[in-house]
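Heads up, the thing below is written out as structure tokens.
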Amino acid sequence: MSTTFAGHGAARGLALGRARVRLPHVLEIGEQRVPASRVEAEAARLQAALEAAREEMRALREKLQGALSREAVEFIDLHALLLDDPELVNALDALIRQERYSAGYALRAQRDRLAAVFESMDDAYLKSRLDDLAHIIGRINAHLQRREPLPRGTAGEILVCDNVAPSELAQLQAQGVVAIVSAGGSPLSHSAILARSLHLPLVVGATEALARINDGDVVMVDGETGQVVVDPGAADLRRYHQRELQDARQRRDLERLRRKPSRTLDGIDIALHANAESREDVARAHALGAAGVGLFRTEFLFLQRTELPDEDEQFHVYRDAVLGMSGRPVTFRTLDLGADKADRTGLTLANEDNPALGVRGVRLSLLYDRVFDTQLRAIARAAAYGPVRVLVPMVSCREEVVLVRRRLRRAVAAVRRHGVQVEVPPLGAMIEVPAAAIGVYGLVDAVDFMSIGTNDLVQYMLAVDRNNDALGDLYSPLHPGVLRLLAHVIGAGGASRIPVAVCGEMAGDVRLAPLLLALGLREFSLHPSGLLELRRTIRECRLEDLTARAARLLQARDRNAIERWLSAATS
Ligand code: PEP
Ligand code: MG
């Protein structure tokens, strides 16, 4: 008997495969004991994981020598000390030898014991040390798990998990995972953005997934509607194949728009740029006739690994993106690590209470001088091969842009000293912090262009975490306050003759295109998979009519009124 339930579609695509259920977190490990004959081997497994974690710390410290703030060094040293702490090491060993716990469960049991001690403390500082311990235990556990080879499927697997990090997606795909169903997460998360880029179907917020799906079950996933069918019957399979055919037909229809202009019915050209995270995205953007790359998320180069990419490696990636667009501009966004884009190189601070409001985006770049200068030099070198722009994420004030421009000029000068003749690329600011949006007139003469990051702007304006599925519909760009602020920023760009784009996921939602056009937007940047559909919608819009309705849109008092406006605009 098949069962069906739904989460939210986060990355399009249909998939049929066998489930691989993952309960990764140390806190999820249930009681497991090993037979007496395996106790020695289990203790040795733990020792090996401990040694691997120590080695990881040593390598990290060495690699980041000089590029780290004092706080970050202290943080790494503290973790290295904890790994050597005889009390922790002996307690784990005793749990395996005396209780015959598995190494994984020993970690969990020790973590629970320590949590009870720490939680009874009054001192807030000491209490917070539990996070360090939990982090270290998590690292040891990661090494333990790594030693157990993951089961491999032959016909593709569907990963069923509580959550998936952006840093593991590419690896999972390489291992043969054809789709992911996660109990948590949201379509706006960076994991979702990356899954779309990798064409890896993803359903998030499927709260029943872990309870309903067992390892090895056959599962059918629709990454567009969010539907998950466990143990599909003949009728489900027929529907699946019909959908496959229908999708192929739609793709063929859209293909005819490849070489058509993105022009409204009344003859206004709208610039459609692409968001890219990889060389494949750039190739697709070029093939689909994108006006350029409006957002190249460089941080994805840093996420899949434990070592920082050096200048040459970055240069090659950036140069290939520039060559891939053959003369159309490529906008490189400088490193936007932090919050849910926590890397494994050790750059992101792991112990922030509120990472979304912490050291992320340009703040992190300005903290790590060498890392930032290396990136700017690599971008400047790539500019010798075609037009390049530099976009700064998470700008909250003018001073940050001024500082970055100074650093960019220095990077260009350094590159010129090596005989590479390049000009200083245009510099832009992401508008995704409400204060930057409200105070946009303070920025316009410090930047050459602006790009509105609605994913973050909406979360910060509405105080709704973009990754928190429990907040459901509260996360929506269709809020009168959001629309007013968008109109304000777009208007400021127009008045100051500074190009303004929207590069958040809102730009890729074709349903919202008439609304953005009415607010005055003339430049969109979206994932290449949505380019042709948006072009089709734009070709059906009459800008004059939309502009005439703009005042009504800005008077809307709630989401329903905005939805009504949208229905009227498209009827
Ligand atoms: C945004 O915030 O809208 C954006 C484009 O940046 P990211 O999604 O990478 O945070
Ligand atoms: Mg952002």
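No value in this document is a laboratory result; all are computed from the given coordinates. These numbers were taken from a predicted model, which means no experiment stands behind them. All Cβ positions, even for glycine, are placed from backbone atoms using ideal geometry, and neighbour counts span all protein chains on display.
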On a 0 to 90 degree scale, rounded to 10, what angle separates helix 234-255 from the longest Cα axis of the chain? 40
Between Gln32 and Glu533, what FRET efficiency comes out of the Förster formula 1/(1 + (r/R0)^6) with R0 = 60 Å and r the beta carbon distance, rounded to 0.05? 0.75
Give, in nm to one decimal, the length gained when the segment between Arg542 and Glu51 is fully stretched (0.36 nm per residue of separation minus the Cα-Cα distance). 170.2 nm
Cα-centred dipole magnitude for segment 236-344, charges only on beta-carbon of K, R (+1) and D, E (-1), debye, nearest 20: 860
Looking only at the chain, where both bridge partners belong to it, what percent of the DSSP beta bridges are antiparallel (to the nearest 5)? 35
If each of Ala248 and Arg484 carries a label point 7 Å out from its Cα toward its Cβ, how far apart are those two points in nm? 5.2
Highest first, please rank the peptides 199-209, 259-269 by the mean number of other Cβ atoms sitting within 10 Å of their residues. 199-209, 259-269
Going by average Cβ density within 10 Å per residue, which order do the peptides 358-369, 502-513 take, highest to lowest? 502-513, 358-369
Note down the relative contact order for the chain as a percent, whole number, built from C-alpha pairs under 8 angstrom at least six residues apart. 15
Once label points are set 7 Å from the Cα along Cα→Cβ at both Asp77 and Arg263, what is their separation, rounded to one decimal in nm? 6.6
Provide the packing ranking of 428-437, 301-310, 480-489, i.e. peptides ordered by the mean count of other C-beta atoms within 10 Å per residue, highest first. 428-437, 480-489, 301-310
Local electrostatic count, Leu553, Cβ distance below 13 Å [Lys/Arg +1, Asp/Glu -1]: +3
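How much length is gained on full extension from Ala234 to Arg363, taking 0.36 nm per residue of separation minus their Cα-Cα distance?
Values: separation 129, 0.36 × 129 = 46.44 nm, distance 5.41 nm.
Contour length minus Cα-Cα distance gives 41.0 nm.
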I need the per residue convex hull volume for the chain, using only the alpha carbons, in cubic angstrom as a whole number. 170
For segment 445-508 and segment 242-301, distance of Cα centres in Å: 21
Taking a ≥ b ≥ c as the square roots of the eigenvalues of the Cα gyration tensor, with a/c under 1.5 meaning rounded and otherwise prolate when a/b exceeds b/c and oblate if not, segment 370-468 is prolate
Leu16 neighbourhood, Cβ < 13 Å, K/R = +1, D/E = -1, net charge -2
For Ile452, what residues show an amide H to amide H distance below 5 Å, using hydrogens built from the backbone and excluding near sequence neighbours? Ile431, Ala501, Val502, Cys503
So what is the 222 nm mean residue ellipticity for the chain from helices alone, if each DSSP H run of at least 4 adds -39500 (n - 2.57) and you divide by all residues, rounding to the nearest 500 deg cm²/dmol? -15000 deg cm²/dmol
Just how large is the dipole of the chain about the Cα centre, in debye to the nearest 20, putting +1 at every Lys and Arg Cβ and -1 at every Asp and Glu Cβ? 2240
Nearest 10, in degrees from 0 to 90: the angle of helix 398-417 to the longest Cα principal axis of the chain is 90
Work out, step by step, the length gained on full extension between Ala174 and Asp112: first 0.36 nm times the residue separation, then minus their alpha carbon distance; give nm to one decimal. 18.8 nm
Here the net charge surrounding His273, from other residues whose Cβ is less than 9 Å away from its Cβ (Lys, Arg +1; Asp, Glu -1), is 0
What Rg and what Dmax come out for segment 256-570 when only alpha-carbon atoms are used, in angstroms? 19.1, 59
Could I have the simple spin-label model distance between Arg416 and Gln98, label points 7 Å from Cα toward Cβ, reported in nm to one decimal? 7.0
Virtual paramagnetic centre 7 Å along Cα→Cβ of Arg549, amide N under 15 Å, in segment 257-272: 265-266
